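All remarks here apply to the structure that follows.
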Amino acid sequence: AVGVIAVVGRPNVGKSTLVNRILGRRAAVVEDTPGVTRDRVSYDAEWAGTDFKLVDTGGWEADVEGIDSAIASQAQIAVDLADAVIFVVDGQVGLTDTDERIVRLLRSSGKPVTVAVNKADDQNAEYAASEFWKLGLGEPYPISAMHGRGVGDLLDAAIDSL
Ligand code: GDP
Ligand code: MG
């Protein structure tokens, strides 16, 4: 069986944009409105000769009621079913309380986690990614899902963790 990589993080950090970048086509729905991806959606993907399944999720607001908590539970299910996780944060916004809560959930899952610091669209933004070392999840990979910057190194690391 091929490995399963779940892409999780807060709404609007760029998870679906990253999934589309990895797939090389526009399959996942990208929206300016947070929380648009409501379900887990699984795609067949390939990188450097390795086939894997890539699961896009609706985002993780660990702390809210109603529809958002339904989305969060889809993210939890995705992690439970995954072999490895790509945890996406927003390098332009920086570290948030929600990010830290998600990290605790990810830690308790015991799954290998690769941190993607998205929206690092230029060289200066790449330096800001080092803030995310303090999550204690290893090397943070600055990426621009929109432009493709850094996505190859991120995938190398995530697939290595499978
Ligand atoms: P999701 O809710 O985490 O799936 O986020 P989306 O993929 O829907 O993206 C949310 C917003 O962030 C959209 O307006 C995207 O165009 C924007 N976005 C995604 N990736 C990047 C990036 O690398 N750089 C910048 N500047 N914006 C991005
Ligand atoms: Mg999405």
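Residues L106, L155 in ascending order of nearby Cβ atoms (within 10 Å, fewest first): L106, L155. Comparing A45, A129, A145 in a Gaussian network model of the chain where C-alpha atoms under 10 Å apart are linked, the largest mean-square fluctuation is found at A45.
Cβ crowding within 10 Å ranks S108, S16, S42, S161 as S108, S42, S161, S16, fewest other Cβ atoms first. Of all the options A48, A128, A28, the one that moves most in a Gaussian network model of the chain with Cα springs shorter than 10 angstrom is A48.
Residue exposure proxy: Y127, Y43, Y141, ordered by other Cβ atoms within 10 angstrom of their Cβ from fewest to most, comes out as Y127, Y43, Y141. The string of couplings for the stretch 126-142 from the Karplus curve (6.51, -1.76, 1.60, θ = phi - 60°) is 4, 5, 5, 5, 5, 3, 7, 4, 6, 5, x, 10, x, 5, x, 9, x Hz, one whole number per residue in order, with x for Gly and Pro.
Around the amide H of R10, modelled in the peptide plane, lie the amide H atoms of W60, all under 5 Å away and 5 or more residues distant in sequence or on another chain.
Considering only DSSP beta bridges where both residues belong to the chain, give the percentage that are antiparallel (nearest 5). The antiparallel fraction comes to roughly 25 percent. In sequence order, the stretch 19-25 has phi-based couplings of 4, 4, 4, 5, 6, x, 7 Hz under the Karplus curve 6.51 cos²θ - 1.76 cosθ + 1.60, θ = phi - 60°, and Gly or Pro positions carry x. For K15, a cut-off of 17 angstrom between C-alpha atoms picks up these lysines, skipping any fewer than 8 places away in its own chain: K53, K119. Loop only by DSSP, 11 or fewer other Cβ within 10 Å of the Cβ. Give me the GluC sites (Glu not before Pro) in the stretch 40-115 that pass, ordered by residue number. In loop regions of the stretch 40-115 (DSSP not H, G, I, E or B), the sparsely surrounded GluC sites (Glu not before Pro) are E65. Relative to the Cα centre, the charge distribution of the chain, modelled as +1 at Lys and Arg Cβ and -1 at Asp and Glu Cβ, gives a dipole magnitude of about 200 debye.
Within the listed set P142, P112, P11, the residue fluctuating most in the Gaussian network model of the chain (springs between alpha-carbon atoms under 10 angstrom) is P112. Mean separation of Cα pairs under 8 Å and 6 or more residues apart, divided by the residue count, gives the stretch 3-160 a relative contact order of 23 percent.
The Stokes-Einstein estimate for the chain, based on a Kirkwood radius over Cα pairs and taken at 20 °C with 1.002 mPa s viscosity, is a diffusion coefficient of 141 µm²/s.
Rule-based calculations on the coordinates, nothing more; no lab input. All of these numbers come straight from a predicted model, not from anything done at the bench. Counting neighbours? That spans all protein chains shown, and the Cβs are built from the backbone with ideal geometry, glycine included.
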